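Written below as C-alpha cells is the structure these notes are about.
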Amino acid sequence: MSIKKITQIFALDPWELTEADILTVLQTPWQVLAPYARSLAEAHKGRHVFVRGLVEFSNICRRNCRYCGLRFQNKNLHRYRLTQEEILQAVACARQAGVDTVVLQSGEVPCAAWLGEVVRQIKSQFNLPVTLSVGEHSAEDYALWRDAGADRYLIKHETADAALYAALHPGHSLQERLRAIGTLQHLGYEVGGGFMIGLPGQNLAILARDILLCRDLRLSMIGAGPFLAQDDTPLAGERNGTTEMTLRTMAALRLANPEANIPATTALATLDAQNGQANGLWAGGNVLMPSFTPPEAAALYTIYDNKNRVSVRNAAAVIESLGMTHPLKMPDSEY
Ligand code: SAH
Ligand code: SF4
C-alpha cells in the first residue's frame with residue numbers, strides 16, 4: 001500500500017473502479033482511509049447525519065439463515081410479535097425524538113394485510129417516511145405495502161458469492177434475492193441493501209465483489225456490518241468479523257457509492273461499544289440507527305449475541321462529539 005496509490009484510487013469515478021482497486025483499499029488500514037472517505041461523504045452528503053428509528057416488531061421467522069439467531073430451527077427462543085398499538089407507540093416515540101424515518105424490521109413471515117394496515121396507520125398519524133425490512137415476499141405483497149404508503153425497503157444481498165449464499169441460506173439462491181431487489185426498485189421503493197463482513201467462507205475477493213455489487217445495484221442505502229456468531233445457530237463459535245475490516249469496507253463503500261446513505265451499523269456498535277458508531281461515521285458513514293423497540297422485545301431480537309442497544313441520547317452524543325449535525329430533539333422518555 002502506498003499513499004500515492006490510495007490518493008489515485010480515491011480520485012477515480014465509481015464506475016472506473018476495478019476489483020483490484022477495491023482489494024487495494026481493503027488491504028489498507030482504516031485510519032489511512034478515513035480522511036479520504038470522510039471528505040467524499042462530506043462532498044456528497046454534507047456534515048449531516050441521518051437518523052433512522054428502528055422498531056423490531058417481531059422475531060418470528062420462517063427462514064433458516066445459518067448465521068441468524070431468529071432462524072426457524074432455533075427452538076431456544078421465545079417468539080413475540082408486537083401489537084399494532086405497541087408498534088404505533090414505538091413510532092410515536094421515534095417521531096417525537098425527531099428521526100428521519102422509521103424502520104419496521106422483523107423475521108420473515110406472511111403478514112401482508114396486517115403490515116399494510118400498520119403502514120397505513122403510521123402514514124396517517126405521523127408525517128414520516130416508512131421503511132420496511134421484513135425479508136422476501138411476493139411482488140403482490142410488496143405492491144400492497146407500497147400502496148399503503150411504504151417508501152423504502154431494506155433487503156441485503158448478504159454475500160455476492162452464489163455458492164456461499166446457497167450454503168448459508170438452505171433452499172434459497174442469490175439470484176432470487178437479487179430478483180427481489182429489482183422488483184422492489186421497479187415498484188418505486190428506495191431500496192437499501194448490503195452484506196455481512198467476515199462471514200465464515202468469505203474472503204477478500206468476495207468482499208470486493210460485495211462492494212461493487214452494491215454499486216451495480218444502484219442502491220440508495222447500504223448497510224454492511226460485521227458477522228457476529230450467535231450461540232443457537234450452526235455458526236456458533238465461528239470467528240466474528242472485525243471492526244478493522246468493517247471500517248475498511250465502509251470506506252470502500254463510500255468510494256464506490258458516493259451518494260448512498262451508509263449507516264454505522266448496530267453490529268459495529270456491538271463489536272466496539274465505545275467507538276463503533278463514531279469510527280463508522282469517520283470511515284464514510286452518514287446514518288445512525290437507534291432502537292425504539294420496547295426493551296422486553298429488544299432482548300428477544302437476538303439475530304446475534306450481546307446486541308448493543310443504540311439509544312437516541314447515545315446517537316446524538318456521538319454525532320455532536322464529531323462536530324456533525326442531526327435531526328434529533330433531546331427526548332424526555334427512556335429511549
Ligand atoms: N428478516 C429480514 C430482516 C431482519 S434480519 C431479512 O433477513 O432481510 C436483518 C439483518 O440482520 C440481515 O440482513 C443480516 O445481514 C443481519 N444479521 C443476521 N444475523 C446476523 C449475524 N449473526 N451477524 C451479523 N448480522 C446478522
Ligand atoms: Fe429470518 Fe432475516 Fe434472520 Fe434470515 S436473517 S433467519 S430471514 S430474521
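Scanning the range 295-322 for residues that are under 9 Å from Gln277 (Cβ atoms) and part of a helix (DSSP H, G or I) yields a count of 4. The number of residues in the range 208-234 that are of a type outside the set (Ser, Thr, Tyr) and within 16 Å of the chain's Cα centre (by Cα) comes to 16. If the condition is being within 13 Å of ligand 2 (Cβ to nearest atom) and among the hydrophobic types (A, V, I, L, M, F, W, C), then the range 29-81 contributes Phe57, Ile60, Cys61, Cys65, Cys68, Leu70, Phe72, Leu77. Can you find, within the range 141-157, the residue that is nearest to Val109 (Cα to Cα) among those that are touching a helix residue (DSSP H, G or I) at 6+ places or on another chain (Cβ under 8 Å) and within 16 Å of ligand 2 (Cβ to nearest atom)? Once the filter is applied, the top-ranked residue is Asp141. For the range 206-233, the set of residues classified as surrounded by fewer than 19 Cβ atoms within 10 Å (Cβ to Cβ), away from ligand 1 (no atom under 12 Å from the Cβ) and charged (D, E, K, R) consists of Arg209, Asp216, Arg218, listed by residue number. The condition of being closer than 23 Å to His172 by Cβ, at pLDDT 95 or above and acidic (Asp, Glu) holds for only one of Glu117, Glu56, Glu85, Glu19, that being Glu56. For the range 158-177, the candidate set comprises residues that are away from ligand 2 (no atom under 16 Å from the Cβ) and surrounded by fewer than 19 Cβ atoms within 10 Å (Cβ to Cβ); within that set, the residue that is farthest from the chain's Cα centre (by Cα) is Ala163. With respect to the conditions (1) more than 18 Å from the chain's Cα centre (by Cα); (2) surrounded by fewer than 21 Cβ atoms within 10 Å (Cβ to Cβ); (3) hydrophobic (A, V, I, L, M, F, W, C), Val25 lacks only one, and its number is (2). In this entry, Arg209 passes the filter for residues that are in contact with a helix residue (DSSP H, G or I) (Cβ under 8 Å, 6 or more places away or on another chain), in contact (Cβ under 8 Å) with a residue 60 or more places away in the chain and not in a loop (DSSP other than H, G, I, E, B). Within the range 22-43, residues that are within 12 Å of Ile6 (Cα to Cα) sit with their Cβ atoms under 7 Å from residues that are modelled with pLDDT under 95 and surrounded by fewer than 19 Cβ atoms within 10 Å (Cβ to Cβ), at 6+ positions apart or across chains, in these pairs: Thr24/Met1; Gln27/Met1; Thr28/Met1.
Evaluate the following for Asn59: is it of a type in the set (S, T, N, Q) and within 15 Å of ligand 1 (Cβ to nearest atom)? So Asn59 fits the description; yes. Scanning the range 191-205 turns up one or more residues that are β-branched (Val, Ile, Thr) and either surrounded by fewer than 17 Cβ atoms within 10 Å (Cβ to Cβ) or farther than 22 Å from Ala20 by Cβ (or both).
The values are calculated or read from the model by the stated rules, or taken from the named source; none is laboratory data. In this text, all values refer to a predicted model and were calculated from it rather than measured experimentally. Counting neighbours? That spans all protein chains shown, and the Cβs are built from the backbone with ideal geometry, glycine included.
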